[in-house]
Amino acid sequence: MMNRLKRRQLFCGWAALGVLGPAGFSPVARGQAVINVAGATSQFQSWKLASGAAILDPSKDTQTGIMNADFLGLAAGTTGFSAVPASDVASSMVTAGTIGGVDHLVFRYRMSDYNGTKTYVGSAISVGIGFKDLSGAGVTTIYATVDSNNAGQQFFFQGGGAGLNDGPSTTTLDGGVFAGNPYTKAAPLMLTTGTNWNYQKVSVLGDTNYDRAATNGTDENAYITFAIKFSDLQAATRALTGSTTFTMGYATQMAFVGWTATQTQSINQDINGTLGISTASWSSMGAFTDYVDATGVKPIIPEAATVMQVGVVLLIWLGRAYWLRGKSRPETRVSAATTH
């Protein structure tokens with residue numbers, strides 16, 4: 001039999017080839033984190049461009065002048081916030097993990113102002129999600145929206161129109177009325193504070209309570225956090241696209257673009273990572289992230305040569321294991337007394 005080291009090497013070889021585990025699941029388990037929507041930002045990954053640079057939002061660029069709806073901006077020349085999170089953490093973040101034992105995709109936005117008199121923001125908050133296997137580069141597939149205007153926080157999925165859906169001027173948001181969509185504008189999910197929704201001052205998380213004086217002075221910042229079940233996102237995406245094989249899992253690759261709006265069917269306040277709302281595409285505006293897995297980490301794709309090398313080594317391991325197994329068997333001899 002193979003010893004423990006050989007079994008471990010064999011497992012790693014199979015894992016490197018990607019032949020273990022069902023679709024959408026990483027065979028080398030990272031261990032899914034238990035998510036607390038009011039917890040620290042250390043669980044989250046900032047949104048990044050393909051270059052690896054974090055998407056940093058211009059300061060005070062909300063079109064309506066409403067700071068509650070303004071992604072926290074950075075003045076020209078600044079590189080980040082004055083305290084934790086570190087300088088490479090931007091206004092928009094993502095992670096994934098379990099809430100009540102159920103897998104969730106979780107988004108967090110850092111906003112310029114905190115509305116201390118309400119548990120809701122006073123604007124609609126949306127994220128456009130582009131799945132690598134379903135959309136072209138820089139194109140959104142589906143939209144997840146929180147209507148946080150005046151009725152608490154209602155969550156639903158939206159679809160795009162017949163346009164390209166590759167920028168604010170080509171994206172048409174609907175009410176989510178497509179067969180099989182679990183949550184529409186007419187029948188939303190009411191998010192629950194402390195479970196799948198949180199709105200609080202930044203200082204509650206142990207972070208600095210204010211942004212840099214060079215941007216909005218001593219405005220109190222806020223964190224908006226909301227969570228989406230994998231199963232709900234999968235059902236809505238299948239319903240919208242007609243794909244019966246799409247699977248939402250921790251290894252699913254996706255890209256994001258975020259915005260706030262006065263209404264759930266418009267894009268008219270702040271687009272994260274870009275100054276103003278233009279006719280340009282998400283990608284050319286620098287607002288569309290690179291493709292990442294559900295935890296916000298860019299997948300490591302081995303080069304073809306590396307995969308071939310692992311395959312050769314694996315075959316050698318298998319051959320040696322078979323040879324050792326044969327050597328360990330007792331030799332069979334035929335007794336002369338039994339012959340005829």
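Brief remarks follow.
- Near Thr289: Cβ cut-off under 10 Å, other residues only, Lys/Arg at +1 and Asp/Glu at -1. The net charge is +1.
- Ranking of Trp259, Trp197 by count of other Cβ atoms within 10 Å, fewest first: Trp197, Trp259
- Three principal axis extents describe the C-alpha atoms of the stretch 32-285; from largest down they are 50, 41, 36 Å.
- Other residues within the sphere of radius under 12 Å centred on the Cβ of Gly249, judged by their own Cβ, net out at -3 (K and R +1, D and E -1).
- Legend: ranking of residues Val292, Val177, Val257 from fewest to most surrounding C-beta atoms inside 10 Å; resulting order Val177, Val292, Val257.
- Simple Cβ-charge dipole of the stretch 32-285, Lys/Arg +1 and Asp/Glu -1, about Cα centre, in debye nearest 20: 280
- Sorted by Cβ neighbour density within 10 Å, fewest at the top, the residues Met93, Met190: Met190, Met93
A short reminder: the numbers here are calculations on the coordinates, not readings from a lab. Computed from a predicted structure; not experimentally measured. Cβ coordinates were reconstructed from backbone atoms using ideal geometry, including for glycine residues, and neighbour counts include every protein chain displayed.
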